[in-house]
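Accompanying notes for the structure given below.
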Amino acid sequence: MKVYFIYNGRDADGGVVNEVPEAFKLKIEVPASWMEGPCERLQLFFLKTLKAKRDIDLAAQDVCMKCGGLFLKPQDVVSKCMSDYNDVYVLHNVPEKVKQNHDGELRCTNFGCNQYYKEDDNTDTSCHCHTKGPVFHDLEKHWGCCENKKACDWESFQKIPTCSITRHSTANKPFSFPKEEITNVPLSAEQLNQTASAPSGMHDGKRTTGPREFEGASFMHNEPQQVVDGKARCRNFGCTKEFVVAENTEISCHYHKDGPVFWDTYKYWKCCPDKRCLEFDDFVKIPGCCVGYHKL
């Protein structure tokens with residue numbers, strides 16, 4: 001297996017810590033004997049090379065590794081968190097932020113607010129929020145009150161402008177997702193116990209919440225398509241490339257065996273649960289785990 005370790009002088013939050021003329025990129029051909037060992041071994045090898053080649057001396061405890069949008073622990077097993085030709089970024093650790101003191105404050109539960117406030121300072125214009133809760137549908141996210149403002153990744157979703165100005169509040173506002181939408185609200189301990197013996201995704205005839213594979217993706221995976229000018233677009237999970245049907249071979253497609261799962265803020269392929277991403281852009285770059293024919 002070959003992987004690329006990269007140092008660009010940035011920290012885990014994307015800030016510049018060390019101005020470097022250009023990123024240092026090192027291709028490492030991982031020995032078979034290291035595959036079941038800790039990632040720390042690769043990290044130390046890279047840091048030693050970085051010092052020799054660029055005269056940049058970094059201590060292992062001052063940096064972290066990020067691969068496919070996920071931060072790796074030094075003790076993580078190489079074979080379980082890295083794939084062939086993955087990019088592994090070595091980033092400076094971010095200093096721990098001083099914990100803010102919110103004694104005597106409340107936290108607003110209005111949709112899209114989540115700010116701390118003091119009731120004595122609360123006015124009719126203190127809170128900028130949404131009037132309806134979040135809707136997660138296929139690969140899109142939006143607020144129920146702002147259906148015309150949709151986002152594909154979590155960061156863009158959080159930046160959607162609020163539509164209402166009111167008082168801060170701590171009232172629990174019940175919200176029911178429409179039946180046709182796939183939800184990803186975490187289950188409480190009681191709900192987990194209730195659904196433990198129920199069929200997957202169902203309880204008392206109703207859809208449960210929790211991590212779910214999107215049904216729309218499964219439909220697209222199985223729906224046949226038309227061949228135009230001898231070309232088609234692959235329907236395998238994680239591929240979607242256009243290909244020439246006559247040139248399709250048993251090694252043409254690198255794809256995922258099972259569909260996508262979106263759970264809270266992270267995303268992964270059902271067949272690769274150990275490779276989870278926070279960002280959608282990183283999610284679509286997760287290497288396929290299967291090789292075969294493109295799917296019509």
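Of the heavy-atom accessible surface of the stretch 106-166 (probe 1.4 angstrom), what whole percent is carbon and sulfur?
Numbers: 1670 of 3600 Å².
About 46 percent, which is the carbon plus sulfur part of the accessible surface.
Would you calculate the separation in nanometres between label points at ASP13 and ASP55, each defined as 7 Å from the Cα along the Cα-to-beta-carbon direction?
3.1 nm
Apply 1/(1 + (r/R0)^6) to the Cβ-Cβ distance of CYS152 and ILE251, taking R0 = 30 Å, and write down the FRET efficiency to the nearest 0.05. Walk me through the intermediate numbers first.
Details: r = 31 Å, r/R0 = 1.02.
After rounding to 0.05, the efficiency reads 0.45.
Please get the size of the charge dipole for the stretch 244-293, origin at its Cα centre, with Cβ charges of +1 on Lys and Arg and -1 on Asp and Glu, quoted in debye to the nearest 20. Before the final figure, lay out the partial values.
Working: 6 positive and 8 negative charges, 28 e Å.
Using Cβ point charges on Lys, Arg, Asp and Glu, the stretch 244-293 gives about 140 debye.
Can you tell me the length gained on complete extension of the stretch ASN93 to LYS73, counting 0.36 nm per residue apart and subtracting the Cα distance?
5.9 nm
The values are calculated or read from the model by the stated rules, or taken from the named source; none is laboratory data. Remember, it's a predicted structure, so these values are computed and weren't measured experimentally. For neighbour counting, all protein chains shown are included, and Cβ atoms are generated from backbone atoms with ideal geometry for every residue, glycine included. Areas reflect the complete protein model, heavy atoms only, side chains present, ligands, DNA and RNA absent. Shrake-Rupley method; radii C 1.70, N 1.55, O 1.52, S 1.80 Å.
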